[in-house]
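Peer 1: Let me give you the structure first, and then I'll get to my questions.
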């Protein structure tokens, strides 16, 4: 906690804070839209760098929330995510019809979050978090089923490697976003 606090306090007044906060988004965009132009190996290296940068970016939550509440919410997220992923993998129900609905919900969450940056409304943040949990729970099951179907197709080793990276990215984003939404709802904030 102290090392994290010192790091974030050192970069808080510099443009480096924006790099730490926005770099994960840049990696997601590069991987999502540029994977066809790169090798599977390059995509894997970018994914691991993205995961490290995302970890650095998420370190700031220790400045806002208590360690105990972060651990509690992490385990709640892991259990929920695991259950929904197993459901998405084993269900015979076709979840593809929910995909466009969930993506519309995701776009709505992003727009509402941007608006709330200016409004700073606790009620709107609460609504965003509730809807966000529902959307990311659904996306976890949907993405798991979609990835399972994607792997049933036979492809070259290179294409399978790229599918693995995109699948991992989708599921990683589902977990991180579900965690952040649950943390907004159940995380105990620091008083200092």
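Peer 1: Looking at this structure, is residue 162 farther than 23 Å from residue 107 by Cβ, crowded, with 19+ Cβ neighbours inside 10 Å and in the same structural domain as residue 79 (by TED's automatic domain parsing)?
Peer 2: Working: farther than 23 Å from residue 107 by Cβ: yes; crowded, with 19+ Cβ neighbours inside 10 Å: yes; in the same structural domain as residue 79 (by TED's automatic domain parsing): yes.
Taking the combined requirement at face value, the residue satisfies it.
Peer 1: Looking at 54, 21, which is the one that is closer than 16 Å to residue 175 by Cα and not assigned by TED's automatic domain parsing to the domain that holds residue 146?
Peer 2: Details: 21 fails: closer than 16 Å to residue 175 by Cα.
One residue alone meets the criteria, 54.
Peer 1: For the stretch 135-192, enumerate the residues that are more than 28 Å from residue 69 (Cα to Cα) and outside any helix (DSSP H, G or I).
Peer 2: Selection gives 153, 154, 155, 156.
Peer 1: Sticking with this one: Filtering the stretch 51-66 down to residues that are assigned to a helix (DSSP H, G or I) and in contact (Cβ under 8 Å) with a residue 40 or more places away in the chain, which residue is surrounded by the fewest Cβ atoms within 10 Å (Cβ to Cβ)? Before you say what the answer is, go through the steps one by one.
Peer 2: Applying the first criterion (assigned to a helix (DSSP H, G or I)) to the stretch 51-66 yields 51-58, 61-64.
If we keep only those that are in contact (Cβ under 8 Å) with a residue 40 or more places away in the chain as well, we get 51, 54, 58, 61-64.
Numbers: 51: 16, 54: 18, 58: 16, 61: 17, 62: 17, 63: 15, 64: 13.
Only one residue tops the list, namely 64.
Peer 1: Is there a residue in the stretch 28-49 that is part of a helix (DSSP H, G or I), modelled with pLDDT under 95, closer than 18 Å to residue 180 by Cα and under 14 Å from the mean Cα position of the chain (by Cα)?
Peer 2: no
Peer 1: Got at least one residue in the stretch 2-23 being without any contact (Cβ under 8 Å) to a residue 60 or more places away in the chain, under 16 Å from the mean Cα position of the chain (by Cα) and buried (at least 16 other Cβ atoms within 10 Å of the Cβ)?
Peer 2: Checked the stretch 2-23: at least one residue is without any contact (Cβ under 8 Å) to a residue 60 or more places away in the chain, under 16 Å from the mean Cα position of the chain (by Cα) and buried (at least 16 other Cβ atoms within 10 Å of the Cβ).
Peer 1: Between 87, 81, which is surrounded by fewer than 17 Cβ atoms within 10 Å (Cβ to Cβ), in contact with a helix residue (DSSP H, G or I) (Cβ under 7 Å, 6 or more places away or on another chain) and assigned to a helix (DSSP H, G or I)?
Peer 2: Only one candidate passes the filter, namely 87.
Peer 1: Could I ask something else about it? I want to confirm something. Restricting to the stretch 67-77 and keeping residues that are closer than 21 Å to residue 170 by Cα and touching a residue at least 40 places away in the same chain (Cβ under 8 Å), which single residue is surrounded by the fewest Cβ atoms within 10 Å (Cβ to Cβ)? Outline the logic, then answer.
Peer 2: Let us first name the residues in the stretch 67-77 that are closer than 21 Å to residue 170 by Cα, namely 73-77.
Still in the running and touching a residue at least 40 places away in the same chain (Cβ under 8 Å): 73-74, 76-77.
Details: 73: 23, 74: 14, 76: 16, 77: 22.
Applying the filter and picking the extreme gives 74.
The values are calculated or read from the model by the stated rules, or taken from the named source; none is laboratory data. A quick note: this is a predicted structure, and the numbers were derived from the prediction, not measured. Don't worry about glycine lacking a Cβ; one is built from the backbone with ideal geometry, like all the others, and counts go over all protein chains shown.
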